[in-house]
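Enquirer: Following this message is one structure expressed as structure tokens.
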Amino acid sequence: MTRYVYDFVEGNKDLKDLLGGKGANLAEMTRMGLPVPPGFTVTTDACRDYLHTGEAPAALLAEVEHHLRMIQNQIGKTFGDADDPLLLSVRSGAKFSMPGMMETILDIGLNDVTVAGLARHTSDERFAWDSYRRLIQMFGRTVFDMPGSEFETELAHARDAAGVRTDAELTAAQLRELVNAYKKVFHSHTGRDFPQAVHEQLYLSIMAVFRSWNAERAQIYRRKERIPHDLGTAVNVMAMVFGNRGENSGTGVAFTRDPATGRRGVYGDYLRNAQGEDVVAGIRNTVSLSELSAIDPSAYRQLLSIMERLEQRYRDLCDIEFTIENGKLWMLQTRVGKRTPAAAFVIAAQLVDEGTITLDEALQRVSGEQLAQLMFPSFDQDAAPQPLTTGVPASPGAAVGAIVFDSAAAAAATGPVILVRRETNPDDLPGMIAAQGILTSRGGKTSHAAVVARGMGKTCVCGADELRIEDDELTINGRALHAGDTISIDGSTGRVYAGAVPVHPSKVVRYFEGELSAYGDPLLAAIERLMIHADHVATLGVHANADTGPDATRARRFGATGVGLCRTEHMFLGDRRVLVERLILAEDDAGREEALAALLPLQRADFEELFAAMDGLPVTVRLIDPPLHEFLPPLEELTARVARAEALGEDAGRDTVLLAAVRRMHEANPMLGLRGVRLGLVIPGLFAMQVQAIAEAAAARIAAGGDPQPEVMIPLVGAVQELETVRAEAEAVLASVPGAPPIRIGTMIEVPRAALIAGQIAGAAEFFSFGTNDLTQMTWGFSRDDVEGAFFSRYLELGIFGVSPFETIDADGVGELVRIAVTRGRAARPGLTVGVCGEHGGDPASVRFFHDAGLDYVSCSPFRVPIARLEAGRAAG
Ligand code: ADP
Ligand code: MG
Ligand code: MG
């Protein structure tokens, strides 16, 4: 038979699934012999049962009664006793902490009779009536969903009637009157009297906590944090202790290290003569925890020693809630504490130094996501003014620019701009691309603005609901701003500032760039240490996507051990566009050869620079991939130019020819059209020229004493015959270049068919590189260039997926193709090198997937190389 209730002495910290985080940790502290008020936990099983059937499991009440008797025995007080009543708190506690999501009810067990007993027994009538009125208030709100304002109104009346300013000044008699008023409010709202039966109070409270799991706020929070909806919450029932019994009492929170910086020391806040909620509510000013050493030295010393024991037990930073009742310390909560990304690195390294954890464990205490956060530029907090408002931090970074209110203005602007909108839609895309950052007044982390901005790596603050946007005026809390005024937005905190706040480049980036030494800086030293260890244990290599020498040099500084993707199409832009036009427009072999001959030396020089930058390390060069018409002017532009010329009676000349070519080459679906290997097969000499440039550049590097290691990569292969054909051509070219080193030829796996027939393809490929952008696009049938703006935000809202499959690899679908291709490819060619060069190569969750899939390396943008290195190390650990 399932048990639904566990006494604190029965549980431990590893039972979070069953007892929730709070319950498991209360049990652990109880086991350690720490002063925890006695209590028990109702399991998440009971909650799931309740949510499923709408009723508490039959056995639950009897079990609760049984455990309640154990509390009574320990405390020596009885629940509902008229003389000296036991009071209880009922606290929610799910597996993952969901701060503020579900409520706590304190002082359960007070009624018209017991309140008098409590008053007599504590000789504190005021305290008793104050506790009673708090109970009615919390109970009404939590169990009956009454608006808190109804009680606040009564409280304000009571203060006015008494002629006092704070609640603390109300006398016992006045509080008793207030209780009567609260009871009336309770009755008029619920149609029933406030329950005098204390057991009913307890059961109704437990069920209310169960129900609160499905409260809208809780659901939204879970969706945002990707916490499963079917876990349910546990409920903790424990004896009350009172921090509000005078100056020798109080309540506080503490951290075993500074959660902001990781520094060792005593951090926290303490509030005298107060109950838990008062600290968080910020009603009165707290004092810093260190002042407790003067207020109550013995409780303070005890707290410090408990904090040390907790750190040893949890082997990590802990946060703590405690209460002191008449000089006696009580522990009410602990957990492994949240911390900033910087603190995560510092603490992990400290714990290694202290001999508490190993370097392997330290690596698991930090994440690529945290490192990424540390690599964004940030505002100089000292120079920042008061923020105008704070919205949802949707996409990190620090952006400064002039306000623009529409996409056209953003696209037309010459300087940096911030696009300010109520919300964005697909029409805003050009403006979003042009802007430094995006600020909206509506929508959360899955709004269109947020999703698109994150996809572009652009700073975004959304849902800043204090913004009023009217035509071309923006008002924030009464302050008016206009188009052209400068604002600064912080995508990591959600803060919005007037004017230009100075931006600090990330010191972590400066360290990776070699501009700063880690010496003497705790954060950089911690990062250095963990990166060294990550590199040491990683089995997955990290290469960079880099097209130029400078890119490759930077990637190398960031720790890349090769170039996994050099996109050669970037070498056809700028002034070289004309040469490509000549190639496209060539009417015969001679014209085409001439155009290719002009491109050859330019490509060769590009490659030489790249190989020099990556000397001694592999450089995977992808032959030209995009449809060639991308190199021609857009159709609308040409049409307009030709029309203008005709209207003026001029000869449109070359434009007429170009227009005809663009029309001829038009494709309804260019991403599925004439591109990749298909170009190599259709346009004679194009791939051969590129291969020749690679071979000649390598030969030149060798002649100069270098050690070039180029590889030729053929994109978009779907049939082995395609690959065999271009391979034969490439091999012939390679053989014809004197002094060229051996150059491997491989292919991208990005058409689903290629993944499926990877065994055949491996016969003609010495390596595979997964192009997971195209592979995702083609497997889902999603046009990557359109969907993020068009409907992904809706898909995320609906929970169809938790994260865009272009951001984190879809392990079930696209990932299955990856696994199939690895297995079949390696079966056909043992020792086949396999890597990935899509955006996913720099995404922490995807890096882990690629490690598990047995890839040799990931390749990502230079900036994300450290992130991938760290994750590769973590995945191996
Ligand atoms: P949250 O998860 O929102 O922090 P808690 O369950 O921790 O909610 O409760 C909020 C506060 O209520 C606690 O910080 C604590 O100060 C107070 N509290 C809870 N249980 C008790 C108790 N048994 N005795 C005294 N105060 C309590
Ligand atoms: Mg708490
Ligand atoms: Mg591709």
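Enquirer: Please compute the Kirkwood hydrodynamic radius of segment 684-747 from all pairs of different C-alpha atoms, in Å with one decimal. If you can, show how the numbers build up before the last one.
Expert: Working: mean 1/r = 0.0827 Å⁻¹.
Hydrodynamic radius (Kirkwood, Cα only) of segment 684-747 equals 12.1 Å.
Enquirer: With unit charges on the beta carbons (Lys and Arg positive, Asp and Glu negative) and the dipole taken about the Cα centre of the chain, which residue among 330, 770, 862 sits farthest to the positive side?
Expert: Positive-most Cα among the choices belongs to 330.
Enquirer: Cα gyration tensor of segment 376-505, axes a ≥ b ≥ c as square roots of the eigenvalues: rounded (a/c below 1.5), prolate (a/b > b/c) or oblate?
Expert: Numbers: a/c = 1.26, a/b = 1.13, b/c = 1.11.
Rounded, because the longest to shortest axis ratio a/c is under 1.5.
Enquirer: Oh, and also: Treat every Asp and Glu Cβ in segment 376-505 as -1 and every Lys and Arg Cβ as +1, leave all other atoms uncharged, and give the resulting dipole magnitude about the Cα centre to the nearest 20 debye. Before the final figure, lay out each step's value.
Expert: Numbers: 9 positive and 14 negative charges, 79 e Å.
Rounded to the nearest 20 debye, it is 380 debye.
Enquirer: Rounded to the nearest Å, what's the spacing between the alpha carbon centres of segment 795-842 and segment 304-323? Just the number, please.
Expert: 41
Enquirer: Using the beta-carbon distance between residue 615 and residue 513 and R0 = 30 Å, what value does 1/(1 + (r/R0)^6) give for FRET efficiency, to the nearest 0.05? Walk me through the intermediate numbers first.
Expert: On the way: r = 20 Å, r/R0 = 0.65.
About 0.95, to the nearest 0.05.
Enquirer: Going by how many other beta carbons lie within 10 Å of each one, how would you line up 319, 852, fewest first?
Expert: Working: 319 22, 852 13.
Ordered by Cβ neighbours within 10 Å, fewest first: 852, 319.
Enquirer: Could you tell me how many degrees, from 0 to 90 and to the nearest 10, lie between the Cα long axis of helix 148-162 and the main elongation axis, the longest principal axis, of the Cα atoms of the chain?
Expert: 50
Enquirer: How large is the dipole of the chain about the Cα centre if only Lys and Arg carry +1 and Asp and Glu carry -1, each at its Cβ, rounded to the nearest 20 debye?
Expert: Details: 85 positive and 115 negative charges, 344 e Å.
The calculation lands at about 1660 debye.
Enquirer: For residue 664 and residue 753, compute 0.36 nm times the residue count separating them, minus their Cα-Cα distance, and round to one decimal in nm. Before the final figure, lay out each step's value.
Expert: Details: separation 89, 0.36 × 89 = 32.04 nm, distance 2.86 nm.
Net length gain for the segment: 29.2 nm.
Enquirer: Using the alpha-carbon centroid of each, what span in Å lies between segment 582-632 and segment 343-397?
Expert: When both Cα centres are located, 43 Å separates them.
Enquirer: Considering the options 842, 182, 613, tell which one lies farthest towards the positive end of the dipole of the chain, charges being +1 on Lys and Arg and -1 on Asp and Glu at the Cβ, about the Cα centre.
Expert: The residue sitting most towards the positive pole is 182.
Enquirer: Let me ask you something else. For a quick check: sort 610, 87 by the number of other beta carbons within 10 angstrom, fewest at the front.
Expert: Numbers: 610 27, 87 21.
Ordered by Cβ neighbours within 10 Å, fewest first: 87, 610.
Enquirer: Report D for the chain in µm² per second (integer): Stokes-Einstein, Kirkwood Rh on Cα pairs, 4 °C, 1.567 mPa s. Write out the running numbers ahead of the final one.
Expert: On the way: Rh = 31.5 Å.
Reported coefficient: 41 µm²/s.
Enquirer: Of all the C-alpha pairs in segment 250-336, what % are more than 22 Å from each other?
Expert: 19
Enquirer: If you don't mind, another one. Can you tell me how segment 534-610 classifies by the Cα gyration tensor, rounded, prolate or oblate, using a/c under 1.5 as the rounded cut? Spell out each step's value before the answer.
Expert: Values: a/c = 3.86, a/b = 3.18, b/c = 1.22.
Taking the square roots of the gyration eigenvalues as a ≥ b ≥ c, segment 534-610 is prolate.
Enquirer: Report, in deg cm²/dmol and to the nearest 500, the calculated mean residue ellipticity at 222 nm for the chain, where each DSSP H run with n ≥ 4 adds -39500 (n - 2.57) and the sum is divided by the residue count. Intermediate results must be reported in sequence, preceding the final value.
Expert: Numbers: 36 runs with 404 residues, N = 877.
Helices in the chain give a 222 nm mean residue ellipticity of -14000 deg cm²/dmol.
Enquirer: Hand me the tally of lysine pairs in the chain: alpha carbons under 25 angstrom apart, and the pair either on different chains or 8 or more positions apart.
Expert: 23
Enquirer: For residue 812 and residue 66 in the same chain, what is the full-extension length gain: residue separation times 0.36 nm, less their Cα-Cα distance, in nm?
Expert: Details: separation 746, 0.36 × 746 = 268.56 nm, distance 4.68 nm.
Length gained between residue 812 and residue 66: 263.9 nm.
Enquirer: Ratio of alpha-carbon Rg to the 2.2 N^0.38 Å globular estimate for segment 310-405, to two decimals, please.
Expert: On the way: Rg = 19.0 Å, N = 96, 2.2 N^0.38 = 12.5 Å.
Compactness ratio reported: 1.53.
Enquirer: What are the ³J(HN,Hα) values, in whole Hz, obtained from phi via the Karplus relation 6.51 cos²θ - 1.76 cosθ + 1.60 with θ = phi - 60°, for each residue of segment 616-627 in sequence order, with x given for Gly and Pro?
Expert: Couplings: x, 10, x, 10, 8, 9, 8, 5, 3, 10, x, x Hz.
Enquirer: Convert each backbone phi in segment 656-662 into a coupling constant with the Karplus relation 6.51 cos²θ - 1.76 cosθ + 1.60 (shift: θ = phi - 60°), then list the ³J(HN,Hα) values in order as whole Hz, x for Gly and Pro.
Expert: Ordered by residue, 3J(HN,Hα) equals 4, 5, 4, 4, 4, 5, 4 Hz.
Enquirer: Using 0.36 nm per residue of separation minus the Cα-Cα distance, give me the extension gain between residue 406 and residue 248 in nm, one decimal. Show your work: numbers first, answer last.
Expert: Numbers: separation 158, 0.36 × 158 = 56.88 nm, distance 5.98 nm.
Taking residue 406 through residue 248 to full extension adds about 50.9 nm, to one decimal.
Enquirer: Right, next: Cα-based Rg (one decimal) and Dmax (whole number) for segment 188-322, in Å?
Expert: 18.8, 54
Enquirer: Could you give the angle, 0 to 90 degrees to the nearest 10, between helix 216-225's Cα long axis and the longest principal axis of the Cα atoms of the chain?
Expert: Between the helix axis and the principal axis of the chain, the angle is about 40 degrees.
Enquirer: Normalised by the number of residues in segment 250-336, what is the relative contact order in percent for Cα pairs under 8 Å and 6+ residues apart?
Expert: Values: 146 pairs, mean separation 26.5, N = 87.
Taking the mean separation of contacting Cα pairs over the length of segment 250-336, I get 30 percent.
Enquirer: To continue, here is another question. For the residues 826, 864, 192, 365, what sequence is obtained by ranking on other C-beta atoms within 10 Å, fewest first?
Expert: Working: 826 18, 864 28, 192 9, 365 22.
In order of increasing Cβ crowding within 10 Å: 192, 826, 365, 864.
Enquirer: Continuing with this model, one more query. Farthest toward the dipole's positive end in the chain, which of 647, 486, 155, given Cβ charges of +1 (Lys, Arg) and -1 (Asp, Glu) about the Cα centre?
Expert: 155
Enquirer: Also: Zone of residue 500 (label point 7 Å along Cα→Cβ, backbone N under 20 Å): which residues in segment 424-455?
Expert: Zone members listed by number: 434-439.
Enquirer: Report ³J(HN,Hα) in whole Hz for each residue of segment 840-852, in order, from the Karplus equation J = 6.51 cos²θ - 1.76 cosθ + 1.60 where θ = phi - 60°; Gly and Pro get x.
Expert: So the Karplus estimates, Gly and Pro as x, are 4, x, x, 9, x, 5, 6, 4, 4, 4, 5, 4, 5 Hz.
Enquirer: Hey, what angle do you get for helix 297-314 against the long axis of the chain, alpha-carbon based, 0 to 90 degrees rounded to 10?
Expert: Between helix and principal axis, roughly 40 degrees.
Enquirer: For residue 219 and residue 536, FRET efficiency with R0 = 51 Å and r from the beta-carbon atoms, rounded to 0.05?
Expert: Here the calculated transfer efficiency is 0.75.
Enquirer: Between residue 466 and residue 168, what FRET efficiency comes out of the Förster formula 1/(1 + (r/R0)^6) with R0 = 25 Å and r the beta carbon distance, rounded to 0.05? List each step's numbers first, then the result.
Expert: On the way: r = 32 Å, r/R0 = 1.27.
Once the sixth-power term is evaluated, E becomes 0.20.
Values in this text are rule-based calculations from the coordinates and carry no lab data. Just so it is clear, the model here is predicted, and its values are computed rather than measured. With ideal geometry, Cβ positions are generated from the backbone for all residues, glycine too; neighbour counts draw on all protein chains shown.
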